[in-house]
1. Just to confirm my filter: which helices (runs of 4 or more DSSP H) fall fully inside segment B:104-179 and include at least 1 residues that are among the hydroxyl-bearing types (Ser, Thr, Tyr), touching a residue at least 12 places away in the same chain (Cβ under 8 Å) and within 14 Å of chain A (Cβ to nearest Cβ)?
2. Quick check: anything in segment B:188-204 more than 14 Å from chain A (Cβ to nearest Cβ), touching a residue at least 12 places away in the same chain (Cβ under 8 Å) and under 22 Å from B:Leu264 (Cα atoms)?
3. Which residue is surrounded by the fewest Cβ atoms within 10 Å (Cβ to Cβ), if the candidates are limited to segment B:78-103 and must be of a type in the set (A, V, I, L, M, F, W, C), part of a helix (DSSP H, G or I) and within 13 Å of chain A (Cβ to nearest Cβ)?
4. Could you tell me whether A:Lys138 is over 29 Å from A:Lys40 (Cα atoms) and away from chain B (no Cβ under 12 Å)?
5. Mind checking whether some residue in segment A:42-49 is modelled with pLDDT of 90 or more, within 14 Å of chain B (Cβ to nearest Cβ) and either touching a strand residue (DSSP E or B) at 6+ places or on another chain (Cβ under 9 Å) or assigned to a loop (DSSP other than H, G, I, E, B) (or both)?
6. Which one is farthest from the other protein chains (Cβ to nearest Cβ), of the residues in segment A:101-116 that are more than 13 Å from B:Gly126 (Cβ to Cβ) and charged (D, E, K, R)?
7. Checking the condition buried (at least 17 other Cβ atoms within 10 Å of the Cβ) and either acidic (Asp, Glu) or outside the structural domain of A:Phe118 (by TED's automatic domain parsing) (or both), which residue from A:Ile73, A:Ile26, A:Ile59 passes?
8. When the residues of segment B:241-256 are filtered to those that are without any contact (Cβ under 8 Å) to a residue 60 or more places away in the chain and in a loop (DSSP other than H, G, I, E, B), which remaining residue is nearest to B:Leu211 (Cα to Cα)?
Amino acid sequence: MIVNPITNGIVLDHITAGKAMDIYKILHLDSLNCTVAIIKNADSKKMGHKDIIKIFEHIDLNLDVLGYIDPGITVSIIKDGKVKDRLHLELPQRVTNVIKCKNPRCITSVEQELPHVFQLTDREKGVYRCIYCETKAKNRV
Amino acid sequence: MNGLIDIMQLRTDEIDALIKTANDIIGNPQKYAQACAGKKLATLFFEPSTRTRLSFEAAMYELGGHVLGFSEAASSSSSKGESVADTVTVVGYYADIIAMRHPKEGAPLVAAMKSSVPVINAGDGGHNHPTQTLTDLLTIQREKGRFDHLTVGLCGDLKFGRTVHSLISALSRYEKVKFVLISPEELVIPDYVRQEVLQKNNIDFVETRDLEAAMPELDILYMTRVQRERFFNEADYIRLKDSYVLTVPKLQSAKSDLCVMHPLPRVNEIAVDVDDDPRACYFKQAQNGKYIRMALILKLLGIEVDAQ
């Protein structure tokens with residue numbers, strides 16, 4: 001299998017093996033018209049195995065969502081065949097409409113138009129809680 | 001943030017200042033009688049309440065202000081499907097400050113994010129009740145003279161008892177406070193209080209089912225009611241409602257200067273004859289609620305009364 005190098009676009013590297021399809025769906029990459037390559041279970045010296053996504057076009061990425069799902073990802077911005085920028089992600093302080101609050105006593109359960117906002121309350125353990133009712137988010141995607 | 005939603009918004013020095021003002025009001029009520037003249041408090045109570053609503057209203061009246069509002073969701077536009085955000089936006093045109101109680105957790109936060117006037121959380125479901133905590137702190141300060149070096153027993157419904165969650169958070173900031181958490185298995189404190197307040201801050205605490213065994217070491221015993229309105233299942237409520245009842249014989253092993261508190265209303269968790277024991281502080285506590293709310297209203301409206 002040959003995946004052509006990118007001239008202009010984005011490479012998401014060091015994705016935890018098995019998470020590439022989740023990221024593909026959450027970032028709505030299926031709606032793009034450009035080429036998108038998903039490489040699963042690639043060999044990695046650092047990680048053993050990893051997934052990679054190559055997007056053959058520049059798009060606006062929601063780095064908060066990406067950081068929330070898999071903070072170990074490296075994002076490389078490729079321009080004219082060269083790496084123009086390399087971003088290392090971290091857990092975002094807040095995520096909006098990524099996690100749904102499941103607490104039936106939360107105000108979000110009755111007011112449908114409210115954004116579901118979760119805040120990082122413990123960076124070490126990666127704990128997110130609903131800003132309204134403080135319910136802990138279940139495991140990340 | 002515009003108002004008071006969570007007790008942890010207030011630094012300890014801000015709490016000290018509120019308590020100082022409340023004590024000054026208790027000593028010199030006439031000095032404050034016209035402090036809020038021309039100001040209006042809106043009490044938006046989407047859930048029934050007697051004590052909290054009346055103490056807010058009495059507080060505003062004693063400051064010379066006016067009160068408007070509703071006392072149940074059925075008599076508000078929320079029964080027509082209006083959102084909390086829209087309600088407070090409109091009320092902000094009519095009132096200078098809002099006190100809101102709502103059965104859904106986080107509703108006052110939604111209100112504060114939208115409101116043009118300060119919003120006070122007067123209880124949001126089983127979540128937060130910061131003015132009750134201020135009331136509790138004023139009572140502890142007046143009865144014990146300190147917030148540190150105390151062993152505090154919290155008994156009853158520690159799961160849905162919002163006053164308990166807020167009080168634990170507030171007292172966790174003081175030195176050498178130990179908590180004895182007494183509850184049935186089904187009503188233990190939520191994990192966010194255990195993990196992110198107690199364990200995270202290395203606070204000394206024990207969880208037990210046995211009130212009588214815990215009694216001798218307590219400086220404060222905070223009783224709570226098992227709240228019917230927090231249960232989706234009536235059978236669970238009936239099974240748990242009589243878990244703990246404080247009686248005069250049970251107080252025999254307690255310290256002579258124990259302070260028995262309760263956010264009220266009580267059902268049967270404190271026997272009526274305990275009321276005559278000098279260690280019963282819960283009616284004084286209810287009275288303190290009015291004074292601390294007066295102090296809070298003044299602070300949020302930015303009104304300073306000469307301390308002379």
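1. In segment B:104-179, B:162-171 are the helices (runs of 4 or more DSSP H) which contain 1 or more residues that are among the hydroxyl-bearing types (Ser, Thr, Tyr), touching a residue at least 12 places away in the same chain (Cβ under 8 Å) and within 14 Å of chain A (Cβ to nearest Cβ).
2. There is at least one residue in segment B:188-204 that is more than 14 Å from chain A (Cβ to nearest Cβ), touching a residue at least 12 places away in the same chain (Cβ under 8 Å) and under 22 Å from B:Leu264 (Cα atoms).
3. B:Ala85
4. Spelling it out, it is not the case that A:Lys138 is over 29 Å from A:Lys40 (Cα atoms) and away from chain B (no Cβ under 12 Å).
5. no
6. A:Lys102
7. Result: A:Ile73 is the single residue among A:Ile73, A:Ile26, A:Ile59 that is buried (at least 17 other Cβ atoms within 10 Å of the Cβ) and either acidic (Asp, Glu) or outside the structural domain of A:Phe118 (by TED's automatic domain parsing) (or both).
8. Once the filter is applied, the top-ranked residue is B:Val245.
The values are calculated or read from the model by the stated rules, or taken from the named source; none is laboratory data. Given the structure is predicted, the values throughout are model-derived calculations rather than measurements. Quick reminder, even Gly has a Cβ in these numbers, built from the backbone with ideal geometry, and neighbours come from all protein chains shown.
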